[in-house]
Amino acid sequence: MKKNIAICPNLSTLFGPRDENLRLLEDGLHVRIDLRSDSILLEGEAGPVERAERLFTDYDQLQQGGQAFTSSDLGSMIRVLVADPSATLRGLVEAGRNRSLGRRTVQPKSINQRRYLDAIERNDMVFGIGPAGTGKTYLAVAMAVSALLSKKVSRIILARPAVEAGERLGFLPGTLQEKVDPYLRPLYDALYDMMDSEKIERALEKNVIEIAPIAFMRGRTLNDAFVIMDEAQNTTTEQMKMFVTRLGFGSKAVITGDITQIDLPVKGKSGLIEALEILQGVEGIAFVHFDQSDVVRHQLVQRIVRAYDEYKARGGVQLSLSLGAQEAATWEQKEAEERVRKPSGVPVRVSVAPALPAGIATHADADPDADPDADPELEHASDIPQEHD
């Protein structure tokens, strides 16, 4: 099927830098786009050609209606349109207006981000699970700010487990909020990207934006609030059950985490992993999974996530640098004996720390009157049969 589209004023801005957006359409829809002096020729199967034509038509109409597009947002929308046959450019723009943050709007940059935003709008509790850089936390905070500004909720509550990523920070000075601030910094970064710093400070003073450590949430009922728990993979089973049962009337909860980065001090089962198994199918709860294709940070981050996923798929297991207690003890004993071996080749028994299996006597069990310098190998020499000429 072939289709000619007249080039309208400013339609060329849809093409993107070096026609990148046209390449996205060609690769995603499997159509051929031929630019001519006064028209655009679309060639391919009927369905994809009609979708491409609809994109050009919507773009022209939206621009005439005063809609402004940034190059970044436009590229993201086209990726979503290519991945989701039911999506339209007009539909994405109108959905973004409903999620307005003053002068800014929240636009998904991938099909899974779109599903995530739709799930938050339609459900009271949403789990966002996926690797770093996929926008789980940022989009959750954006939806919370949008709900607050549109008076859908009266406050935002931010929570996160106080678990360090593989290191101990010790006791932190200051008030309770100052102690937990380092753990909540990613949530603050997203807030400051969407609201003026003065408004955030006032909201914190009035508890319109509240920092709620998970350890102090037991017994609370969170009404008329948008609640976000970040890094949920570091919750225990008890903490997760306690958190998901705090939801009150008129509230929403978004729980985000990456099950490949669990930092629990005791390697037990993560509360997030258990919740995935228990809460599947519960009405009002949605689960959205992200993958490396959703990473919106530096392109290198996407390749790093893919490399780790491939390594895990191959069954890669990190070698342990510590031996078991008994193996380490046996190895240490052999090394000690080698170092102090007599010239005659008879090893000297060296006392070492390892715990011995039950039933084996230790030096403390020996006869206290025995000569400490006596060689235990020769102690019972009289019991050995003697050869006679």
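The values are calculated or read from the model by the stated rules, or taken from the named source; none is laboratory data. Because the structure is predicted, anything quoted here is derived from the model rather than measured. Note: ideal-geometry Cβ built from the backbone for every residue, glycine included; neighbour counts use all protein chains shown. Note: areas computed on protein heavy atoms with side chains; ligands, DNA, RNA excluded. Shrake-Rupley method; radii C 1.70, N 1.55, O 1.52, S 1.80 Å.
For segment 1-124, the fraction of 1.4 Å probe accessible surface lying on carbon and sulfur atoms is 43 percent.
With contacts defined as alpha carbon pairs under 8 Å and 6 or more residues apart, what's the relative contact order of segment 233-280 in percent? Please report the intermediate quantities before stating the final value.
Values: 41 pairs, mean separation 29.7, N = 48.
Relative contact order, segment 233-280: 62 percent.
Just to confirm a number: summing +1 for Lys and Arg and -1 for Asp and Glu over residues other than P161 whose beta-carbon lies under 9 angstrom from that of P161, what do you get? So the surrounding residues net to -2. The residue list L74, Q64, I40 was ranked by how far each Cα lies along the charge dipole of segment 31-87 toward its positive end, using unit charges on Cβ atoms, and L74 comes out on top. Charge dipole (Cα centre; +1 on Lys/Arg Cβ, -1 on Asp/Glu Cβ; no other charges) of segment 46-127 amounts to roughly 260 debye.
Is segment 186-319 rounded, prolate or oblate when judged by the Cα gyration tensor, a ≥ b ≥ c being the square roots of its eigenvalues, rounded requiring a/c under 1.5 and prolate requiring a/b larger than b/c? It is oblate, given that a/c is not under 1.5 and a/b is not larger than b/c.
Checking the cross-link pairs K109/K206; K199/K269; K136/K269; K199/K252; K152/K312 against a 31 Å limit on the alpha carbon distance flags K109/K206; K199/K269; K152/K312 as lying beyond it. Protein heavy-atom accessible surface, 1.4 Å probe, per residue over segment 38-159: 41 Å².
Loop-resident trypsin sites (Lys or Arg not before Pro) (DSSP state other than H, G, I, E or B) in segment 245-274 with no more than 15 further Cβ atoms inside 10 Å of their Cβ: K267, K269.
If R0 is 35 Å, the Cβ-Cβ spacing of Q280 and A68 corresponds to a FRET efficiency of close to 0.25.
Look at the Cα gyration tensor of segment 244-296: its axes a ≥ b ≥ c give a/c of at least 1.5 with a/b at or below b/c, and that counts as oblate.
Report the full-extension gain for the segment R306 to E45: residue separation times 0.36 nm, less the Cα-Cα distance, to one decimal in nm.
On the way: separation 261, 0.36 × 261 = 93.96 nm, distance 3.25 nm.
Between R306 and E45, full extension yields 90.7 nm more.
The charge dipole of segment 1-147, taken about the Cα centre with unit charges on the Cβ atoms of Lys, Arg (+1) and Asp, Glu (-1), comes to about 420 debye, rounded to the nearest 20. Length available on full extension from Y192 to E94: 0.36 nm per residue minus the Cα-Cα distance, which gives 32.8 nm.
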